[in-house]
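Heads up, the thing below is written out as structure tokens.
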Amino acid sequence: MDSALLTLHDITKEFPGVRALSSVGLELHAGEVTALVGENGAGKSTLVKILTGIHAPDAGEIRMEDEVVSFATPHDAAQAGITAIHQETVLFDELSVAENIFLGHAPRGRLGLIDKRRMHREAQALLERVGAQLDPSTRLRDLGIASKHLVAIARALSIDARVVIMDEPTAALSQQEIEELYVLVETLRQAGKAILFISHKFDEIFRIADRYSVFRDGELVGQGRIRDTDSSSLVRLMVGRDVDAVFPPRTAKIGEPILQVSGYSHPTEFDDLSFTLSRGEILGFYGLVGAGRSELMQSLFGVTRPSAGTMSIDGTPVSPRSPADAISAGIVYVPEDRGGQGAITGLPIFRNVSLASLGEVSRGGSMTGFVDMAREFALTEKYVSRLELKAASLDQSVGSLSGGNQQKVVIAKWLATRPKIIVLDEPTKGIDIGSKAAVHAFMRELAAEGLAVIMVSSEIPEVLGMSDRIYVMRAGRKVAEFARDDATPEQLVRAAAGIETREAAA
Amino acid sequence: MNTQARVIPHRANGRLRRIFGSWEALLVVIAIAIFFINTQASPYFLDPWNLSDATFNFTEKAMIAFAMALLIVSGEIDLSVASIIALASTAMGFALQLGAGTPVLVLVGLGTGLLCGAFNGLLVARLGLPSIVVTIGTLSLFRGIAYIVLGDQAYSGYPTSFAYFGQGYVWWVITFEMVLFVATAVVFYVLLHRTGFGRAVYGIGNNPTAALFSGIRVPRVKFLLFLMTGVMSGVAAICLTSRLGSTRPSIGFGWELEIVTMVVLGGINILGGSGTIPGVVLAAIIMGLVTFGFGLLNVPGIVMSIFIGLLLISVIALPRVFGSFAGLHRKR
Amino acid sequence: MKISRDILLAIALLLLIGLVAMRFPGFATPQSLASVFNDSAILIILALGQMAVILTRCIDLSMASNLALVGMITAMTNAAYPMVPVVVLVMMAIVLGAALGGINGLLVWKAGIPPIVVTLGTLTIFRGIIFLLTDGQWVNAHEMSASYKAFPRAELLTLPALSWLAIAIIVGMAIFLSRSPAGRAMYAAGGNPDAAVYAGIDTGRTRARAFVVAGALAGLCGYLWVSRYAVAYVDVAGGFELDVIAACVIGGVSIAGGVGTVLGCVLGALFLGVIKNALPVVDISPFWQLAISGAAIIIAVVLNARAERRPGRLILEQSSDSSLPVSHS
């Protein structure tokens, strides 16, 4: 098992404004699990997309058993025996379990028709191999996330993949399901597959991985055998820099409480969450992807309604029924999904910035009044210059900006409404270092002006470097709360992964 | 910290080039070409009274098209507009039987349009149903009610004063409908391009989630757009009924497709988010000129529709096929 | 167990028939129901074609125009060359229809024009071409050969050939959509186009294929329609494209793509067919038909939306979120 099954050499990939990967290498060996470790934005998902044929690398080569390969389409990658199981399972809700497993390569019978009986029989066998007690004819939409994962894994087995990429497969699973998954990974390893296992959870990395590779800011910063390392050195590699040095110093004085949330619950997404936020404070929300943090924030913002719980701003109870209500109550939410929920990429910068303040830039102060373009440009200029936006002109479309500058436009849009509370959901995810620093400095500035800030982040240095207090969530529930000076990276990771809190809760 | 911040210019250079490369510029060229061909084709074309008569074949449709343009920019569509005409016209005829005078007839026409628009708006904006299916349903329902009321009968005998809307002249060759056409064009131009409401419509059409998150009351805006489209269908019903002087349940049959064609030809993206009212005005004029020109040559209407169909597909396909070459911009 | 939508629709259909039969028992006799089926056959065939298109997240507004154009061409061919056998005419109708559908498909696939725009254009173009071909003239019954008119009416085991053809196409489409890789690709391409790419499905090609299927069926119906009614003119089946879409919607085919069954689609078409045939029986003016089908569409779309409501991410640990199956309980 010395020669690698799959080797990546000097892979580089750039997107407008960001270098996602700079000449990284990676080796995957048959019958071994390689853990890929890194923060969000370290380049892991870009690497997965290159391996599965969605992106083509700008430079570098991919070899499979010493043969150079290139994947023009996802189909090519699948043909070469590479398959990925994604964190957000991408399958077909309306098709049956068996069809999801065999779509594109179903067993054929007479006349080239799909042999349903054989397909179901083979699906049944695969499902048994992965330990799933599922009826192959069940429609996928009737299943929970865990079961969908099992279907995805069965699909991976069905195409007889040689390389299996598992992208945070345990992010949304319960402890028991995770145990079952470990058994499955063991089965795959026994079967001689090369497995790339992406995870934030250190306990599972040490439990199942044979090798590790650590990415940071698009570069490979360390690799080796798991048995030669320990979790603190991995965290050091992953975080890399001295946490305090990078982030701007705290200058804000924490004032009186402004936001009070108690007992916030949702039937399926989160349960019994309470916290207080004060003027000038930055409250960090840490957790793994899918811990329910964004769902909580969107509920505070009026996108969904809680089933129980209250929220009050400045002592006045508020229950926003729409984002419009929330904005007028003084709370805004800068979403994580910049392209889908934040920026309107087809419209110019100034129209994006004014969109949440149409009343203010219109004569008569109402939305049906005439837009005063002078006021509109003045408003835009005021906020984008504070954020040091780089653009050719204010009527440039937002879609033509880099990710970092798009984020500045999005933040400017919500700031222009002059909120009392601003929620930033993964504010620096996928943006370049320079823009990151600008966003961080700006958050400090806002806090110093007396704004109350909530920052949802999955990046440990960001959480530790920016927050005054840290609130940790796991599977929709609060699991820990730290004052900034009391928290260590390992404590956060352990709390979010549910290792220590399990005993505490019991 | 922002002492060194560069000042970003408001507008990029090359506005002139953008204007000449715009969709509307292409439509102007097409309109001029067709106008020129028409003058060559028939000596009767330039007669002011003939030209005035020719405007009737687009003014009523265009009034609805302007409202429909906003609706399509927002990402929705209303296929029931022609059926609203039928129902509004039937309601007016019914009121006529009960002895209503012109002012009441107008109110009944507008009111029916408003109610129909509200019904569509309720189903789409409040219940979140797909507008294309909902309005195919109301397309059948509204005209169906007209058929139930009228069967194979017709209402006629509208008062003389009612005839003004579809047959009256304001001055010389300028018809009342022309004035209404210009007025509604201006109103919808201002609404879409000069007000905060218009900004919200573009925002919704480009990215409904981001618009919602920006505090725009998306359901309310969509509801209002359906209401406007319904009212404009009511206005068109008044004009058309007045012009024809009678109501049959088949009135305005098939207009929905011509109106959508007009809107799309005018450069409104059928998927929402872009397009302008001037584009729709130009498209209306082009369709009017084509109909009139073929009419002068005694070419039947159906051949004209082939031409419009080809124009629709080719005008949209060519920039896509030769995208970088033509470099056409769609203004927002 | 959850009652499937198709079963609910079937129950509604039976109730409708029962209601009419309560006052007019003659309506529910086998002969009467067979004639309702025969009367709905063309709508069923067209709705199945439309369903294939809608499954891929497209729409075909040109089906009725396609039908009229192909129908006219077969009628003119028959009038000019009566010796051409009907089988050849039927084959010609299918091929011509498929070619017209192919034009739609190519414009959607290669030129990237939204399907609604493409088929809005071809709707007027196809019908316009009929006028160019005929100059507005009709092809009347006496110009058509006897065999041309006889084929759909020819009885076999008590059912007319038209009904048998519809049954064959129902079975064929059921097999195609559920058992062939190309048919499954239509569900995948419409249900989740992004994921379809991962599974190696060419979404554009799949869409174009659906338009060809719809076109071929529309072409076939062109011959069937013209021979059944024994007349061809420009406005044949005018506005029928909306009835076809209505049948799909009532049958539970989701306009958002990826959802729909052959059974549901057939039931949807039958529902409209039963209403149309029942109205004269219960002595309601046929002018009610349009409004009733409109109301049926609206009710159906409201019910469909309820059935399709999707759950959230389900983050909280719940008993249903284990590896055990949650359906069938």
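The values are calculated or read from the model by the stated rules, or taken from the named source; none is laboratory data. Quick caveat, the model's predicted, so the values are computed rather than measured. Here the Cβ positions follow ideal geometry from the backbone for every residue, glycine too, while neighbour counts run over all protein chains shown.
Here residue C:144 meets each of (1) aliphatic (A, V, I, L, M); (2) more than 14 Å from chain B (Cβ to nearest Cβ); (3) free of Cβ contacts under 8 Å to residues at least 12 places away in the same chain with one exception, condition (3). Filtering segment B:88-118 to residues that are assigned to a helix (DSSP H, G or I) and free of Cβ contacts under 8 Å to residues at least 60 places away in the same chain leaves B:91, B:95, B:97, B:103, B:104, B:107, B:108. If you check residue A:420 against the conditions, is it basic (Lys, Arg) and surrounded by fewer than 18 Cβ atoms within 10 Å (Cβ to Cβ)? Yes: the conditions hold for residue A:420. With respect to the conditions (1) more than 16 Å from residue A:323 (Cα to Cα); (2) more than 9 Å from chain B (Cβ to nearest Cβ); (3) buried (at least 16 other Cβ atoms within 10 Å of the Cβ), residue A:336 lacks only one, and its number is (1).
Scan segment A:266-281 residue by residue and report those that are assigned to a strand (DSSP E or B) and within 15 Å of residue A:331 (Cβ to Cβ). Show your work before the answer.
Pass one, segment A:266-281, residues assigned to a strand (DSSP E or B): A:273-278.
Scanning segment A:266-281 gives A:275, A:276, A:277, A:278.
Taken as a whole, the condition of being at pLDDT below 85, surrounded by fewer than 21 Cβ atoms within 10 Å (Cβ to Cβ), of a type in the set (A, V, I, L, M, F, W, C) and farther than 23 Å from residue C:260 by Cα does not apply to residue A:84. Closer than 14 Å to residue B:78 by Cα, modelled with pLDDT under 90 and in a helix (DSSP H, G or I): is that true of residue B:257 in this structure? When the stated conditions are applied, residue B:257 passes them. Answer yes or no: is there a residue in segment B:65-74 that is at pLDDT below 90, closer than 15 Å to residue B:285 by Cα and among the aromatic types (Phe, Trp, Tyr). Scanning segment B:65-74, I find no residue that is at pLDDT below 90, closer than 15 Å to residue B:285 by Cα and among the aromatic types (Phe, Trp, Tyr), so the answer is no. Inspection of segment B:234-251 finds a residue satisfying the criterion of being closer than 30 Å to residue B:118 by Cβ, in a loop (DSSP other than H, G, I, E, B) and among the basic types (Lys, Arg).
Taking (1) surrounded by fewer than 19 Cβ atoms within 10 Å (Cβ to Cβ); (2) free of Cβ contacts under 8 Å to residues at least 12 places away in the same chain; (3) under 18 Å from residue C:61 (Cα atoms) in turn, residue C:256 satisfies each apart from (2). Please give the number of the condition residue A:221 fails out of (1) part of a strand (DSSP E or B); (2) buried (at least 18 other Cβ atoms within 10 Å of the Cβ); (3) not hydroxyl-bearing (Ser, Thr, Tyr). It is condition (2) that residue A:221 fails.
Hey, among the residues in segment B:174-220 that are of a type in the set (D, E, K, R) and more than 7 Å from chain A (Cβ to nearest Cβ), which one's nearest to the chain's Cα centre (by Cα)? The extreme case among them is B:177. Take residue A:347 and decide whether it is within 11 Å of another protein chain (Cβ to nearest Cβ), over 21 Å from residue A:276 (Cα atoms), touching a Ser or Thr at 6+ places or on another chain (Cβ under 6 Å) and crowded, with 24+ Cβ neighbours inside 10 Å. So residue A:347 fails the test.
Being in a loop (DSSP other than H, G, I, E, B) and among the small types (Gly, Ala, Ser) is the filter; apply it to segment A:292-303 and report the residue that is surrounded by the most Cβ atoms within 10 Å (Cβ to Cβ). Walk me through how you get there before you give the answer.
In the first step, residues of segment A:292-303 are kept if they are in a loop (DSSP other than H, G, I, E, B); the result is A:292, A:301-303.
Narrowing further to those that are among the small types (Gly, Ala, Ser): A:292, A:302.
On the way: A:292: 25, A:302: 23.
Only one residue tops the list, namely A:292.
Within segment A:144-171, being at the interface with another protein chain (Cβ under 7 Å from one of its Cβ atoms) and in contact (Cβ under 8 Å) with a residue 40 or more places away in the chain holds for one residue alone: A:145.
Can you tell me how many residues in segment A:130-139 are over 14 Å from residue A:187 (Cα atoms) and surrounded by fewer than 22 Cβ atoms within 10 Å (Cβ to Cβ)? Going through segment A:130-139 one residue at a time, the tally reaches 5. Within segment A:105-129, the residues that satisfy the criterion of being within 9 Å of another protein chain (Cβ to nearest Cβ) and either buried (at least 18 other Cβ atoms within 10 Å of the Cβ) or at pLDDT 85 or above (or both) are A:106, A:108, A:113, A:114, A:115, A:116. Entry remark, segment A:383-416: residues being in contact (Cβ under 8 Å) with a residue 24 or more places away in the chain, of a type in the set (D, E, K, R) and either within 11 Å of chain B (Cβ to nearest Cβ) or surrounded by fewer than 22 Cβ atoms within 10 Å (Cβ to Cβ) (or both) number 4 in total. The set of residues from segment C:198-254 being part of a helix (DSSP H, G or I), over 17 Å from residue C:53 (Cβ atoms) and within 14 Å of chain A (Cβ to nearest Cβ) comprises just one member, C:198.
In the condition set (1) at the interface with chain B (Cβ under 8 Å from one of its Cβ atoms); (2) not in a helix (DSSP H, G or I), residue C:297 is compliant with all but (2). If you go through segment B:118-130 and keep only what is within 19 Å of residue C:290 (Cα to Cα) and either among the small types (Gly, Ala, Ser) or buried (at least 24 other Cβ atoms within 10 Å of the Cβ) (or both), you end up with just B:120.
Taking the criterion of being assigned to a loop (DSSP other than H, G, I, E, B) and surrounded by 20 or more Cβ atoms within 10 Å (Cβ to Cβ), the only residue of segment A:304-319 that qualifies is A:306. Scanning segment B:124-154 for residues that are of a type outside the set (Val, Ile, Thr), part of a helix (DSSP H, G or I) and within 7 Å of chain C (Cβ to nearest Cβ) turns up B:137, B:139, B:140, B:141, B:143, B:144, B:147.
Tally the residues that are modelled with pLDDT under 90 and within 24 Å of residue A:178 (Cα to Cα), restricting the search to segment A:477-506.
Taking segment A:477-506 first, the residues modelled with pLDDT under 90 are A:484-506.
Then keep just the ones that are within 24 Å of residue A:178 (Cα to Cα); that gives A:489-506.
Count: 18.
Out of all the residues in segment A:340-358, is one or more part of a strand (DSSP E or B) and either on the phi < 0 side of the Ramachandran plot or charged (D, E, K, R) (or both)? Outline the logic, then answer.
Residues of segment A:340-358 part of a strand (DSSP E or B): A:348.
Next, only the ones that are either on the phi < 0 side of the Ramachandran plot or charged (D, E, K, R) (or both) stay: A:348.
Within segment A:340-358, one or more residues are part of a strand (DSSP E or B) and either on the phi < 0 side of the Ramachandran plot or charged (D, E, K, R) (or both).
A search for C-beta distances below 8 Å between a residue of segment C:274-293 that is over 15 Å from residue C:21 (Cα atoms) and any residue that is acidic (Asp, Glu) and part of a helix (DSSP H, G or I), counting only pairs 6+ apart in sequence or on different chains, returns C:293/C:243.
Count, please, the residues in segment A:172-218 that happen to be over 21 Å from residue A:44 (Cβ atoms), away from every other protein chain (no Cβ under 14 Å), touching a residue at least 60 places away in the same chain (Cβ under 8 Å) and assigned to a helix (DSSP H, G or I). Looking only at that region, the number is 1. Kindly indicate whether residue A:289 is part of a loop (DSSP other than H, G, I, E, B) and either within 22 Å of residue A:488 (Cα to Cα) or not assigned by TED's automatic domain parsing to the domain that holds residue A:450 (or both). Yes: the conditions hold for residue A:289. Within segment C:255-294, if we keep just the residues that are within 12 Å of another protein chain (Cβ to nearest Cβ) and of a type in the set (Val, Ile, Thr), the residue that is nearest to residue C:31 (Cα to Cα) turns out to be C:275.
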